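Visitor: The structure under discussion is supplied below as structure tokens; questions concerning it will follow.
The values are calculated or read from the model by the stated rules, or taken from the named source; none is laboratory data. Small disclaimer: the values here were computed from a predicted structure and weren't measured. Here Cβ is always computed from backbone atoms with ideal geometry, including for glycine, and neighbour counts include all displayed protein chains. SASA here: full protein model, heavy atoms, side chains in, ligands and nucleic acids out. Shrake-Rupley method; radii C 1.70, N 1.55, O 1.52, S 1.80 Å.
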Amino acid sequence: MEDFSGYPIHESHFSNSFSSLSVDTETLQKQIDELASFSDSPSPSVTRILYTEKDLLSRRYIKNLMEVSGLSVWEDAVGNIFGRWNGYKPELAPVSTGSHTDAIPYSGKYDGVVGVLGAIEAINVLKRSGFKPKRSLDVIMFTSEEPTRFGISCLGSRLLAGSEELAKQLKKTVDGQNVSFFDSAKSAGYVNVEDLSTVFLEKGSYSAFVELHIEQGPILEEEATSIGIVTAIAAPASIKVNFEGNGGHAGAVLMPKRNDAGLAAAELALAVEKHVLESGSIDTVGTVGILELHPGAINSIPSKSHLAIDTRDIDEERRNSVIDKIYQSALSISKRRGVKLSEYKIVNQDPPALCDDLIIKAAESASQELNLTYKKMISRAYHDSLFMARVTPMGMIFIPCYKGYSHKPEEFASIAHIADGVKVLALTLAKLSLS
Ligand code: GLV
Ligand code: MN
Ligand code: MN
């Protein structure tokens with residue numbers, strides 16, 4: 001590793017020596033396990049929701065690790081956390097990496113976490129090797145990639161990407177308990193949260209962004225491939241629907257007299273499945289992940305129902321045509337059942353994102369130099385990368401996870417696979433930093 005103590009370093013010189021990069025797997029595994037203990041559900045599940053006590057503990061944990069690694073740490077108005085390793089050309093746009101640590105209810109301990117702890121470890125790996133970055137390297141922990149609390153996915157990265165629409169929407173956003181986004185952020189210590197435009201990044205603020213993540217699908221494990229290099233991220237959308245009927249007594253109101261909001265929701269859920277399958281493509285998916293009935297009593301006809309629908313595709317037009325059909329079904333079900341369609345709201349309808357060729361090439365040559373097998377693939381899950389792509393060239397590195405499980409407690413990635421991902425990330429960052 002003496003090769004790295006020199007300054008500056010020529011790329012060909014350093015890349016030959018990087019086959020011996022070493023990851024501190026024991027410490028990294030310990031950190032993953034410690035972070036998993038900040039959870040509002042019992043182990044092995046993890047639940048960590050935006051601005052709750054457990055989210056704040058995880059933020060403090062990450063900031064501390066960044067400081068221990070010698071990074072200069074700051075947070076923006078919504079709590080996106082940044083840790084910078086200054087390059088020897090600080091006037092150049094930095095390279096960035098990172099992911100999220102919030103976790104949906106009853107999920108696992110690797111989603112997002114591998115890309116935050118792994119990024120800090122990638123910096124440590126480079127520091128131990130003696131590497132000196134030319135462009136500064138930033139590690140980012142994004143606020144609320146998951147939509148759990150406010151129904152908005154990738155809240156922090158959407159704002160970083162300059163979403164005026166979201167900034168406006170957040171002024172009137174409340175959670176399920178009617179706590180406003182602003183109040184929740186302020187009680188978490190983000191007192192300047194109303195200054196949302198301060199979060200926006202200028203285009204060109206970064207020269208590149210790379211995210212390390214578990215695949216959340218089975219391909220890498222099935223094919224015994226160490227690394228996935230993402231070429232594009234599928235287009236996600238989510239919709240909120242409310243129906244209102246007359247409710248009434250479950251014994252006394254005869255069937256022909258009912259306007260059952262619960263059955264309208266059930267019918268719409270089945271319609272979502274039908275429209276998705278009708279697309280004829282295996283790449284079209286749709287999920288009704290939330291279905292709530294009011295008042296929720298066995299002997300009361302539901303007077304209100306609420307659905308949250310998630311639909312995605314790698315083909316944006318095809319995904320949009322599914323959304324149109326879902327809307328037509330919601331209208332016809334409401335008419336036929338005599339229930340009111342009291343809300344039909346497309347919460348987000350995002351386009352897909354393409355990964356940058358130069359970042360793909362850097363990750364490919366990093367994998368080759370490290371003698372790791374890799375394949376190019378699409379990300380069907382969304383990530384903060386989808387939004388970072390709006391302001392900077394973007395790339396993603398995947399590692400295998402057990403049976404492709406994710407968003408459930410059985411989610412698992414071996415520390416050996418994580419270490420491979422960290423090495424590829426470190427080498428990719430090094431290459432991008434010198435470019
Ligand atoms: C991310 O959590 C996703 O749902 O794709
Ligand atoms: Mn997730
Ligand atoms: Mn994730």
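Visitor: Between D55, D310, D175, which gets the highest mean-square fluctuation from a Gaussian network model of the chain, Cα cutoff 10 Å?
Guide: Answer for the Gaussian network model of the chain: D175.
Visitor: Restricted to Cα positions, what overall size does segment 154-217 have along the principal axes? Three whole-Å values, descending.
Guide: Taking max minus min along each principal axis of the Cα atoms, segment 154-217 gives 36, 32, 23 Å.
Visitor: Give the percent of DSSP beta bridges with both residues in the chain that are antiparallel, rounded to the nearest 5.
Guide: Approximately 70 percent, going by the DSSP bridge assignments.
Visitor: Could you order V199, V73, V23 so the one with the most accessible surface comes first? Probe is 1.4 Å. Intermediate results must be reported in sequence, preceding the final value.
Guide: On the way: V199 5, V73 45, V23 25 Å².
Heavy-atom accessible area, descending, gives V73, V23, V199.
Visitor: Sticking with this structure for a sec: Per DSSP helix of 4 or more residues, -39500 (n - 2.57); summed, then divided by the residues of the chain. What does that give at 222 nm, rounded to the nearest 500?
Guide: Details: 13 runs with 153 residues, N = 435.
It lands at -11000 deg cm²/dmol.
Visitor: Magnitude of the Cβ-charge dipole of segment 124-195, K/R +1 and D/E -1, about the Cα centre, nearest 20 debye?
Guide: On the way: 11 positive and 9 negative charges, 112 e Å.
For this selection, approximately 540 debye.
Visitor: Using the heavy atoms of the protein chains and a 1.4 angstrom probe, tell me the accessible area per residue for segment 329-395 in square angstrom.
Guide: I get 47 Å² per residue for segment 329-395.
Visitor: Here's another thing I want to ask about it. GNM on the chain, C-alpha springs below 10 Å: top fluctuator among P94, P133, P302?
Guide: P302
Visitor: When all C-alpha to C-alpha distances in segment 197-241 are sorted into bins of 10 Å, what percent of pairs does each bin hold, rounded to whole numbers?
Guide: 16, 33, 31, 18, 2
Visitor: Specify, per residue and in Å³, the volume enclosed by the convex hull of the alpha carbon atoms belonging to the chain.
Guide: Convex hull of Cα atoms, per residue: 136 Å³.
Visitor: Moving on to the next point. Can you give me the angle between helix 25-36 and the longest principal axis of the chain, using Cα atoms only, in degrees from 0 to 90, rounded to the nearest 10?
Guide: It is inclined by approximately 30 degrees.
Visitor: Still on this structure: Towards the positive end of the charge dipole of the chain, with charges on Cβ (+1 Lys, Arg; -1 Asp, Glu), say which of Y206, A224, I418 has the farthest Cα.
Guide: The one lying farthest along the dipole's positive direction is Y206.
Visitor: Please say if segment 245-289 is rounded, prolate or oblate, where rounded means a/c under 1.5 for a ≥ b ≥ c the square roots of the C-alpha gyration tensor eigenvalues, and otherwise the choice is prolate for a/b larger than b/c and oblate otherwise?
Guide: It is prolate, given that a/c is not under 1.5 and a/b is the larger ratio.
Visitor: Is there a pair in K54/K171; K127/K431; K109/K403; K30/K423 whose C-alpha atoms are over 20 Å apart, and which pairs would that be?
Guide: As for pairs spanning more than 20 Å Cα to Cα, those are K54/K171.
Visitor: Could you identify which residue out of A252, A363, A330 has the top mean-square fluctuation in a GNM of the chain using Cα springs shorter than 10 Å?
Guide: Of the options given, A252 has the highest mean-square fluctuation.
Visitor: Between A208 and residues 5 or more places away or on another chain, which pairs have amide H atoms under 5 Å apart, with H built 1.01 Å from N, and which residues are they?
Guide: Residues meeting the criterion, in which the H sits 1.01 Å from N, are S96.
Visitor: With only Lys, Arg, Asp and Glu charged, each at its Cβ (+1 for the first two, -1 for the last two), find how big the charge dipole of segment 281-429 is about the Cα centre; round to the nearest 20 debye.
Guide: 720
Visitor: What lysines could a cross-link reach from K168, if we take a straight Cα to Cα line under 17 Å and drop same-chain neighbours fewer than 8 places away?
Guide: K345
Visitor: Also: What shape does segment 193-290 have by the C-alpha gyration tensor, where a ≥ b ≥ c are the square roots of the eigenvalues, rounded means a/c under 1.5, and otherwise prolate means a/b greater than b/c and oblate the rest?
Guide: On the way: a/c = 3.54, a/b = 1.73, b/c = 2.05.
Cα axes put segment 193-290 in the oblate bin.
Visitor: Please determine, in degrees from 0 to 90 and to the nearest 10, the orientation of helix 415-434 with respect to the longest principal axis defined by the Cα atoms of the chain, where the helix direction is its Cα long axis.
Guide: Around 70 degrees separate the two axes.
Visitor: Any idea of the accessible area per residue across segment 92-170, 1.4 Å probe, to the nearest Å²?
Guide: For segment 92-170, the solvent-accessible area averages 22 Å² per residue.
Visitor: Would you mind working out the magnitude of the charge dipole of the chain relative to its Cα centre, with +1 at each Lys and Arg C-beta and -1 at each Asp and Glu C-beta, to the nearest 20 Debye? If you can, show how the numbers build up before the last one.
Guide: Numbers: 44 positive and 55 negative charges, 200 e Å.
So the magnitude is around 960 debye.
Visitor: Rounded to the nearest 10 degrees, what's the angle between the helix 53-68 long axis and the longest principal axis of the chain, both from Cα atoms, 0 to 90?
Guide: With rounding to tens, the tilt is 10 degrees.
Visitor: Still on this structure: Please report the carbon-and-sulfur percent of the accessible area for segment 303-352; probe 1.4 Å, protein heavy atoms only, DNA, RNA and ligands left out.
Guide: Summing carbon and sulfur atoms, their accessible area is 46 percent of the total for segment 303-352.
Visitor: Of A266, L254, P409, which is farthest along the charge dipole of the chain in the positive direction, counting Lys and Arg as +1 and Asp and Glu as -1 at C-beta?
Guide: Projecting each Cα onto the dipole axis, the largest value belongs to L254.
Visitor: Which of the GluC sites (Glu not before Pro) across segment 83-149 are loop residues per DSSP, with 12 or fewer other Cβ within 10 Å?
Guide: Details: sites: E91, E121, E145; in loops: E91, E145.
Those that pass, being in a loop and sparsely packed, are E91.
Visitor: Another question about this same structure. Averaging sequence separations of C-alpha pairs under 8 Å and six or more residues apart, then dividing by the length of the chain, give the relative contact order as a whole percent. Walk me through the numbers on the way to the answer.
Guide: Values: 997 pairs, mean separation 99.4, N = 435.
With pairs under 8 Å counted, the relative contact order is 23 percent.
Visitor: Quick one: with all protein chains in place, what share of the accessible area of segment 60-193 is carbon or sulfur, to the nearest percent (1.4 Å probe)?
Guide: Carbon-and-sulfur percentage of accessible area, whole number: 48.
Visitor: Placing +1 on the Cβ of each Lys and Arg and -1 on the Cβ of each Asp and Glu in the chain, which of M377, P105, A237 has its Cα farthest towards the positive end of the resulting dipole?
Guide: The residue sitting farthest along the positive end of the dipole is A237.
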